[in-house]
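**Q** One structure is given below, represented as structure tokens, and several questions about it will come after.
The values are calculated or read from the model by the stated rules, or taken from the named source; none is laboratory data. Just so it is clear, the structure is predicted and the values come from calculations on it, not from any experiment. Cβ placement follows ideal geometry from the backbone for every residue including glycine, while neighbour counts extend to all protein chains displayed.
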Amino acid sequence: MKFKYQAKTKEGENQIGVVEAASKEAATSILAEHNLFILSLEEAEKSRWYEKLSDYFSNRLHKKDFVIFTRQLAILLEARVPLNISLKTLHKQTTSPMLKEAVLQISENIDAGLSFSQALERQPEIFSGFFTSMVRSAELTGNLENVMGFLADYLEREYSLEQKAQSALIYPAILIILFFVVSFILATFVVPQVGPIFSEAGVELPLFTLIIVAVSAFLNQWWPVILFALFGIALMIVDYFRTPEGKAVKDEFKISLPILNKIYLPLTITRISNSASMLLKGGVPVVQSMEIIGETADNVVYREIMHQIAEDVRQGQTISASASKYPQYFPSLVTQMIAVGEEAGQLESTFSRISAFYGREADAAIGNIVELIQPVLIIGIGIVIGILFASVLLPLYQLVGTIH
């Protein structure tokens, strides 16, 4: 975002200009850093829609940038570089505007006397409760450089899992989109041009050709209205999924849909187990660990379950006993392994093993589904396109036969 400002220098001179920052507070920090006394500060007007769109994308924090930042901070701390010097170094190197301003404000807050975790709490849109809690526990034990290394490893694994899941869906999505585009063009603009030719020649059309010609004529006449209606329905669905009820329905679909749950369930268990292992390794109490996992879960259903598990543990139950109440969301293998870990007093390493096991399960599921879905899609698309062409070619052969 761009902000117009009017300020005075140390020497009392007026200065007018434009500063680019992620927010008004960030712009104020930048001007103060340059020893300017602000008289007025307001957002610059945008007359071009693409400038607003550009600002939206440029000010978003990409997960890859955050992963790189965490790894670089871990490396600097492991090299015994003081925290604030590390942050100032990363502020100069970071390319993401949003992260750059956040790092600057964190550095200034630490200079003002706040702890690292307290400074992170002031940036909740970037640093999750999980991240902040790990840092707070590290400050108590004086083990910040090791915990930051654990966090970097954790975020890299999370990012890798997300990339694998997304990559598995890209190719099928492209095939499906191309299929619908080609089918729509054929049915809307090609088939209606051929239908009148057969009618004038008196060729008797097969039943499926009559159906396709009728549907094509309807699409040819009403396709703008249909596209507008589909666009409106899509907007309504997206808007519904943003509501609390819609989020719960969408998240439940991810768990219960037959094919999607083969990927989503092991991925979710991997993330929960990985988070639990990290938090317990960092010295965070069990109840607080379950609450933090619930707060940072990206699934509404699992968020409520983890909060309930935290409450059950607070009341004296074990994690395994509480998790076993939700067999659809935690397979029996998970609860049994947790029970063994609780009895042996090795809960942290048990969660680590669960994470590793279900991480391999997720990788295998992604590979199997990708291998299966590609030929299924190709066969399905071939059948539908074949029917469309057959609906035109069969009457065409009949027409040629009548001519001869």
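**Q** Which condition number does Gly380 fail, the rest of (1) surrounded by 13 or more Cβ atoms within 10 Å (Cβ to Cβ); (2) modelled with pLDDT of 75 or more; (3) within 30 Å of Leu333 (Cβ to Cβ) being met?
**A** Unmet for Gly380, out of (1) surrounded by 13 or more Cβ atoms within 10 Å (Cβ to Cβ); (2) modelled with pLDDT of 75 or more; (3) within 30 Å of Leu333 (Cβ to Cβ): (3).
**Q** Okay, next question. Which residues, counting only those in region 340-360, are within 24 Å of Lys262 (Cα to Cα) and surrounded by fewer than 19 Cβ atoms within 10 Å (Cβ to Cβ)?
**A** Scanning region 340-360 gives Arg353, Ala356, Phe357, Arg360.
**Q** Consider Ala217 carefully, then state whether it is farther than 24 Å from Leu155 by Cβ, more than 22 Å from the chain's Cα centre (by Cα), of a type in the set (Gly, Ala, Ser) and at pLDDT 85 or above.
**A** no
**Q** Now for a separate question. What number goes with the only condition from (1) assigned to a loop (DSSP other than H, G, I, E, B); (2) farther than 21 Å from Val249 by Cβ that Ser273 does not pass?
**A** (1)
**Q** Right, here's the next one. Limited to region 201-260, what total is found for residues that are over 24 Å from Ser183 (Cβ atoms), hydroxyl-bearing (Ser, Thr, Tyr) and in a helix (DSSP H, G or I)?
**A** Count: 2.
**Q** Tell me which residues, restricted to region 276-301, are surrounded by fewer than 23 Cβ atoms within 10 Å (Cβ to Cβ) and part of a helix (DSSP H, G or I).
**A** Leu280, Lys281, Val286, Val287, Gln288, Glu291, Gly294, Glu295, Thr296, Val300, Val301
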